[in-house]
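The values are calculated or read from the model by the stated rules, or taken from the named source; none is laboratory data. Fair warning: this is a prediction, and the values are worked out from it, not measured in the lab. For neighbour counting, all protein chains shown are included, and Cβ atoms are generated from backbone atoms with ideal geometry for every residue, glycine included.
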Amino acid sequence: MKKVWVGTSWKMNKPLSEAQAWCEALAYLLPPVLHEAVQPFVIPPFTAIQPVTRWLAEQQLPCLTGGQNMHEAESGAWTGEISASMLLEAGASLVELGHSERRASFNESDGAINRKVHTALRHGLRPLICIGDSAEEKAWGVSPETVIRQAKIALHGLTASEAQRCLLAWEPIWAIGAGGTPAAPEEAGAMHRLLRIALQEKYGAQAGARIPLLYGGSVNLQNAAPLLQQADIDGLFIGRAAWDAAGYCRIVQSVVQDFILKAL
């Protein structure tokens with residue numbers, strides 16, 4: 001069975017005291033519900049990557065950590081930015097790239113995201129590439145074109161082997177945030193199927209099938225397992241429902257009991 005990716009990004013939340021409390025709760029709650037088919041991950045703020053990575057390692061939890069962004073340059077006069085080597089030194093193994101908030105608020109272009117993907121892979125970081133359509137694009141009926149375009153540009157210039165090191169997370173903009181409405185499992189499954197077909201056309205049937213596709217957008221305890229029951233959804237990128245360690249572990253437990261064990 002393929003690994004089922006289940007993770008969360010804290011965005012600009014959780015100073016060190018709260019980050020440590022989350023890790024301590026996770027160390028108590030996660031082991032009893034975890035299954036070897038689940039790959040947990042957490043993406044804290046930059047200031048918490050190193051201590052969170054250390055705390056998780058001390059508790060022997062197989063939970064990966066990542067950064068929420070990264071500059072495309074190796075180093076230089078980029079005040080306030082973080083490089084790939086800095087993320088690695090802090091203990092990160094993943095880097096989140098292209099989130100809709102970064103695209104909208106910080107004017108990140110598809111081309112810039114592609115350059116960051118190349119830099120991340122060059123340093124051994126695994127890019128988690130966020131792609132998503134707006135409510136307007138959904139209303140206009142161009143969501144598939146938007147999402148596939150973003151994916152193709154983000155992966156431009158990568159070999160099949162390099163592309164398989166990436167994670168793609170469809171996060172429809174209309175579904176994320178406190179007021180978001182999650183995509184129905186069948187709707188998410190249909191979009192992921194279109195993405196899978198595009199990836200297989202680009203990299204071949206086998207390689208395209210090995211690129212993990214995650215869904216993110218108001219994931220919760222009720223829809224986690226139904227989303228994963230869709231053939232081309234390989235994991236979940238959870239928002240505020242996982243900011244509480246108990247909430248995250250309840251979702252992991254649901255994934256294990258209601259999806260993984262039933263699929264075996």
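Quick rundown of the values:
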read-out: Number of the condition not met by Ala92 [criteria: (1) farther than 22 Å from Thr65 by Cβ; (2) part of a loop (DSSP other than H, G, I, E, B); (3) touching a residue at least 24 places away in the same chain (Cβ under 8 Å)]; value: (1)
read-out: Filter result for Ile233 (hydrophobic (A, V, I, L, M, F, W, C) and in a loop (DSSP other than H, G, I, E, B)); value: yes
read-out: Meets criteria (surrounded by 20 or more Cβ atoms within 10 Å (Cβ to Cβ), in contact (Cβ under 8 Å) with a residue 24 or more places away in the chain and under 21 Å from Tyr203 (Cα atoms)) for Pro144; value: no
read-out: Among the residues listed as Arg149, Arg122, Arg165, Arg126, the single one being surrounded by fewer than 21 Cβ atoms within 10 Å (Cβ to Cβ), touching a strand residue (DSSP E or B) at 6+ places or on another chain (Cβ under 7 Å) and farther than 17 Å from Gln68 by Cβ; value: Arg165
read-out: Sole residue being surrounded by 23 or more Cβ atoms within 10 Å (Cβ to Cβ) and among the small types (Gly, Ala, Ser), chosen from Ala198, Ala154, Ala160; value: Ala154
read-out: Residue ID - surrounded by the most Cβ atoms within 10 Å (Cβ to Cβ), chosen from residues in the stretch 201-211 that are of a type outside the set (Lys, Arg) and in a helix (DSSP H, G or I); value: Tyr203
read-out: Arg103, sole failed condition from (1) farther than 28 Å from Arg196 by Cβ; (2) crowded, with 18+ Cβ neighbours inside 10 Å; (3) of a type outside the set (Ser, Thr, Tyr); (4) free of Cβ contacts under 8 Å to residues at least 12 places away in the same chain; value: (1)
read-out: Residue within the stretch 175-189 that is modelled with pLDDT under 95, β-branched (Val, Ile, Thr) and in contact with an Asp or Glu (Cβ under 9 Å, 6 or more places away or on another chain) present; value: yes
